[in-house]
Structures are given as structure tokens and as C-alpha cells.
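Please read the structure below before turning to the comments.
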Amino acid sequence: MFCYQCEQTYRSDEGAGCAGAKGMCGKDAATADLQDILLYVCEGVGQYLHRARQLGATDIEADRFILFAFFTTLTNVNFNAAKFVELIQQASQIRDRAKALYENAARAAAKIPQTLSGPAAFVPASNMAGLSAQASEAAVRKDAAILGEDAVGARALILYGLKGVCAYAHHARVLGEERDAIYAAVEHALDMLAREERDVATLLDEALALGRANFLAMEALDAANTGAFGSPTPTNVRVTPIKGKAILVSGHDLKDLHAILEATKDKGINVYTHGEMLPAHSYPKLKAYPHLAGNYGGAWQDQQKEFAEFPGPIVMTSNCLIEPQPRYRGRIFTAGPVGWAGVRHIADENFAVVAQAAQALPGFAEDAPEQTITIGFGRDTVLGVADKVIDAVKSGAIRHFFLVGGCDGAAPGRNYYSDFADEAPKDTVILTLGCGKYRFNKHDFGTIGGLPRLLDMGQCNDAYSALVVATKLAEAFGVGVNELPLSLIVSWFEQKAAAVLLTLLALGVRNVRIGPTLPALLTPALVDVLVEKFGVQPIGDAKADIAASLARAA
């Protein structure tokens, strides 16, 4: 086992990466190795699909499988080793189908099919013992001595960014939004990884191309969510429970939440969101359900305490799952790409069993004192008052915008983000998205000219909305995005955040501050490139970083 894909990876003076019996996330070595093999076989699928596409032949079901397979390997998604044995066998069969597709297309075009090697020719064993013996052939640091550390790091940046792209594209796909350009980009990236490219400049160009693909994936997901559930609107959300039977829904998948709301309609069961599901309350079609009662708890890393105290069943629809504890293991369900051995999985979107569990469990015995927060400041809402925002900036009422958002986590140093938000001057506006907001979204930031100083724009994928708003405001001011009075203060944890970072860099957004630590895969040489070419900076002291941001914009 070797894994350094997330922010909480093991770090020491000797280096970084989880390489023992179990990773910091709780993933055991066998599962980690199986995930590497699954991705390696998917690279082989990509080798054939990429070449077939160049000849006009495609296989959308194979593309969809790749999205799902990659999603299962994100941090805190699926820990079930047996599931990965099954997925590897499926991937091998799909690769055989992709090979036939390519070879038939080549012959139809009067070309001789290439004989491909590497992942395209890898033959996975049929059982866990055999697969474990093959793990070194698919390891993320395979051939590091030949490729060099900088190339290994750049390739890992692409691999992990690709996981984020696939996750966003999968979320969009299940709601009916797909983009052929995304599938083409994924196939291209897989083929590039398979051929073991080692030129760092070429690899970084490929990473930026992937960032552009991620922008398309976030756009598709935005279209999927708003097309299915309407455009978010400002909404007061209760964050304390009310008396009655209850279900808790965590993760990111709005389609699953909608299915749960349908399954519990008129049954006297209240549905609560958790973590990154909080923004669901701002979507008109979802908040129209009267039993969508509120949000319970905070970010993912506190779930073991919060889930234990919740008096009903829990559904985890996507990341971020951590090891279910005995106090609630019997009443937690997984769905979609999520899995944990021994935990009940709902594969058919039929959540009737969850409703039955809610009826059998006690629920909340009484109402808690009411508390609310305000969310729902998506791009349509913000751009709807753009004239007021522009006037406030021109008059000096608003001096600066800070986007303080991204993933939360348990590692030391994340109080920086709450300190930053609290210390931001009263004439600045704070935009936020992702689960990092839980560190300060109950604080009172007041208003500027009738507008809230804290604007919650949604989930991590709603970085798309933030980028659209920034682009439109830049156009209104007649400047580039980097000339706006705007600073990005990003907290990262997993691979969706890596994809968003690549998107920011691909779109030319400079001077992003990132923390609480830089990705472990970044070598000193790669860090130098990000600093010199894009102005990427690690976070420091909150007060000092605020002062530096305001000085740069002055």
C-alpha cells in the first residue's frame, strides 16, 4: 500500500504517504491495493477508447463505468475490498469490449490496429489473493526510479484530479446531464497515464487540460441540479431538530435526497441534511417538501459523534464516510459509489427500507430551541443584485471579496479559516462553499448595504457558480478576474478539491492561497512552478494573509 491522495496523509521528516496496514482515512492495505489495480485496468480501457474515438467509435456505457469506478476510489467513499474485486473483473470485461471496438473501427478505416501494452495488456487475477500479489504493477509510485520524483508527483496530480472530474461528472450523469467532451478528456488522460509520460512540462499542460474538463463537469452538474430542482434561492435553514421520527442524509447526491423525500412523503418522518447536503434546502423543488426539516450537525469529520447521537437511520450518498461505529452501524445505509463491508447498501434507489427503519427508531423526543442560518446565494441570486454590488464597490462600501471555502477536515491548522473569516474587515464580503463553511457559518457577520456579508454559494462543485459570478463582475468592471478585489482562500482535503484547483489554474486565476498544507505529492520543483507561474501560496497567519490580500488589491 502507498497512498498520498488526501490532505490527512501520513507525514514525517522521512516523507509523506500512508504505507502501513491502514491509511489515515481507515482504508486497509488490501483495499488500497485493489483500488490501484482498478484504476490501472481503467487506464487500459482508456487506451482503447481513446483510439476508438479518434476513429469515430465510442462506448458510452464504458465511459459511464469509468466515472463510477474512479468515484469509488476517492477518499472516504468505498472501503469494501470485495466490491473492488468485483469492479476489477467488470473493468477487465469492459476493456475487452473496448479493445474490440477499437480494432473493428481500425479495420473499418483500413488501418492496422496497434498492439497495446501496459494497462491494456494487464491480466488481473480472479481473486483477492492473486490481485494482492499484482499490486506492485499498479502502484501510484511504480517506476519512480525511472520516471523521477517530479514526474511521479505531476502524474499523481493528474490521477487525483481525474478522480475529482469523474466524481462530478458521475453526479451530473445520474441526473441526465452528460458531455461528450468530458468523456473524451477522461479517455485522453487515461491514455496519457498509461503511456508513462515523464516530461514534467507536458504533464503540467495535461493537468491544466484536465482542469478545463473539470470546468465542463462542474457546469454539467450545475445544469443537472438546477434543471432537476430549480435555481437556488436565499433560504433560512433550521439547524436544530424538531420532535418526530427522523432520517439523516449525508454526502452530496441531491437525486438520492429527492428519492428519500419521495419515499417518506406523508409518513410523518422528518428528513435532515448533513455535511455537504446543506445546500439542498435552497433548491425550490427540494425545499417544497415540508418534511425536509433542517440540517443536523456539521462537516464530515464529526460524523462519528453526530451519527451516534442521531435517533434515526442515516444514509451516506457519496463521500465522506468514515468507519461506522457500533452505536450506529446497524442503522447506517450506503448508496451509489459508497460502501463499507457489513453495512447495508441500497443499489436500486429504493429507500423504502430506510423509511421503515425510521418508523422503528425513536426519533427526536422534543423540539430543540430554534436556530437558523441563511444559505442559497447561487450565481443567479448574486448576479440578480449585481448592480447593487457594483455600486457598493465603486462607492467604497465594499472594499474586497474573500472566497473562503473548500473541504473541512480534522487536521490541525484548519482554525485558520474561521480566524480568517472572523478577522476580515467589516467592509469586506465573504463568499463560501463546500463543508469548510461549518467552521464559521453560524457566526454573525452582519450586512453591507442590506446584503449579508456572508454569502453561502453551495457545495464544493458550486465553485462553478463562483467562477461565473467572478467572470461577470470582471466584465462589468472592464477588468480581468485577477484585477477584481477578490482573493481565494481555499481549504482542500480530497480529490474533488484537487480538480477544482486545476480548474482555477487552467482559467488563469492567480494568487490562490491553499491549506492547511500543500498536497504531499508536490515536490519542491513542482511547488516552485505553481508559485512562479500561478502565484499559488500556502496559507500563513490569518491576519497577515488578510493584510497581504488587501495590499495586493490596493
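The values are calculated or read from the model by the stated rules, or taken from the named source; none is laboratory data. Model, not experiment: these values are computed from the prediction. Virtual Cβ from ideal backbone geometry, glycine too; neighbours counted across all protein chains shown. Just the protein is used for accessible areas: all its heavy atoms, side chains included, with ligands, DNA and RNA removed. Shrake-Rupley method; radii C 1.70, N 1.55, O 1.52, S 1.80 Å.
A single entry from Leu484, Leu451 fulfils the requirement of being over 24 Å from His252 (Cβ atoms), touching a residue at least 24 places away in the same chain (Cβ under 8 Å) and open to solvent by 30 Å² or more (accessible area, probe 1.4 Å): Leu451. Selection of region 536-546 for residues being surrounded by 13 or more Cβ atoms within 10 Å (Cβ to Cβ) and either assigned to a helix (DSSP H, G or I) or at positive phi (or both) yields Ala542, Asp545, Ile546. Taking the criterion of being over 14 Å from Leu38 (Cα atoms) and open to solvent by less than 20 Å² (accessible area, probe 1.4 Å), no residue of region 117-128 qualifies.
Cβ-Cβ contacts under 6 Å between residues 6 or more apart (or on different chains), taken from a first residue in region 39-51 that is closer than 16 Å to Gln90 by Cα to a second residue that is part of a helix (DSSP H, G or I) and acidic (Asp, Glu), are listed as Gly46/Glu187; Gly46/Asp191; Leu49/Glu187.
Checked against the criterion of being assigned by TED's automatic domain parsing to the domain that holds Leu467, over 21 Å from the mean Cα position of the chain (by Cα) and under 26 Å from Ala223 (Cα atoms), region 426-439 contains one or more residues that satisfy it. Per the listing Ala525, Ala463, Ala520, the residue uniquely aliphatic (A, V, I, L, M) and surrounded by fewer than 16 Cβ atoms within 10 Å (Cβ to Cβ) is Ala525. Pairs are defined by a Cβ separation below 7 Å, a sequence spacing of at least 6 or placement on different chains, a first member in region 113-141 that is assigned to a loop (DSSP other than H, G, I, E, B), and a second member that is of a type in the set (Asp, Glu); the pairs so defined are Pro113/Glu103; Phe122/Glu137; Ala138/Asp36; Ala139/Asp36; Val140/Asp36. For region 392-410, a residue qualifies if it is closer than 30 Å to Ile322 by Cα and either buried (at least 17 other Cβ atoms within 10 Å of the Cβ) or more than 19 Å from the chain's Cα centre (by Cα) (or both), and the qualifying residues are Leu403, Val404, Gly405, Gly406, Cys407, Asp408, Gly409. Can you find a residue in region 61-74 that is open to solvent by 20 Å² or more (accessible area, probe 1.4 Å), in contact (Cβ under 8 Å) with a residue 12 or more places away in the chain, closer than 22 Å to Thr31 by Cα and part of a loop (DSSP other than H, G, I, E, B)? The answer is no, given that none of the residues of region 61-74 is open to solvent by 20 Å² or more (accessible area, probe 1.4 Å), in contact (Cβ under 8 Å) with a residue 12 or more places away in the chain, closer than 22 Å to Thr31 by Cα and part of a loop (DSSP other than H, G, I, E, B). With respect to the conditions (1) modelled with pLDDT of 95 or more; (2) open to solvent by 20 Å² or more (accessible area, probe 1.4 Å); (3) not aliphatic (A, V, I, L, M), Asp348 lacks only one, and its number is (1). Among the residues of region 313-322, the one identified as over 19 Å from Ala347 (Cβ atoms) and crowded, with 22+ Cβ neighbours inside 10 Å is Cys320. Looking across Ala100, Ala106, Ala110, Ala91, one residue alone is part of a helix (DSSP H, G or I), open to solvent by 30 Å² or more (accessible area, probe 1.4 Å) and either assigned by TED's automatic domain parsing to the domain that holds Arg198 or not aromatic (Phe, Trp, Tyr) (or both). It is Ala100. Can you find, within region 299-343, the residue that is farthest from Gly434 (Cα to Cα) among those that are touching a residue at least 12 places away in the same chain (Cβ under 8 Å) and charged (D, E, K, R)? Here the residue is Arg327.
Listed conditions (1) modelled with pLDDT under 95; (2) in contact with a strand residue (DSSP E or B) (Cβ under 9 Å, 6 or more places away or on another chain) are all met by Gly15, apart from (2). Scanning region 323-344 for residues that are open to solvent by 20 Å² or more (accessible area, probe 1.4 Å), over 21 Å from the mean Cα position of the chain (by Cα) and more than 19 Å from Lys22 (Cβ to Cβ) yields Arg327, Gly330, Arg331, Arg344.
State the number of residues belonging to region 477-520 that are under 19 Å from the mean Cα position of the chain (by Cα) and not in a helix (DSSP H, G or I).
Looking only at that region, the number is 17.
When each of Gly312, Gly294 is tested for being within 23 Å of Thr235 (Cα to Cα) and not polar (S, T, N, Q), the lone residue that passes is Gly294. On the stretch given as region 31-56, residues that are surrounded by fewer than 19 Cβ atoms within 10 Å (Cβ to Cβ) and either under 24 Å from the mean Cα position of the chain (by Cα) or part of a loop (DSSP other than H, G, I, E, B) (or both) total 2. If you filter region 279-292 down to residues that are assigned to a loop (DSSP other than H, G, I, E, B) and closer than 23 Å to Gly363 by Cβ, you find that the one that is most open to solvent (accessible area, probe 1.4 Å) is Pro290. Within the bounds of region 155-167, is there any residue that is over 24 Å from Trp492 (Cβ atoms) and in the same structural domain as Ala213 (by TED's automatic domain parsing)? Looking for residues that are over 24 Å from Trp492 (Cβ atoms) and in the same structural domain as Ala213 (by TED's automatic domain parsing), one finds none in region 155-167, hence no.
Between Ala358, Ala421, Ala392, the distinction of being in contact with a Lys or Arg (Cβ under 7 Å, 6 or more places away or on another chain) and outside any loop (DSSP other than H, G, I, E, B) belongs to Ala358 only. Between Ala172, Ala106, the distinction of being in contact (Cβ under 8 Å) with a residue 40 or more places away in the chain and touching a Pro at 6+ places or on another chain (Cβ under 7 Å) belongs to Ala106 only.
Applying the criterion of being open to solvent by 10 Å² or more (accessible area, probe 1.4 Å) and closer than 21 Å to Asp456 by Cβ to the residues of region 241-278, the residue that is farthest from the chain's Cα centre (by Cα) is Pro241.
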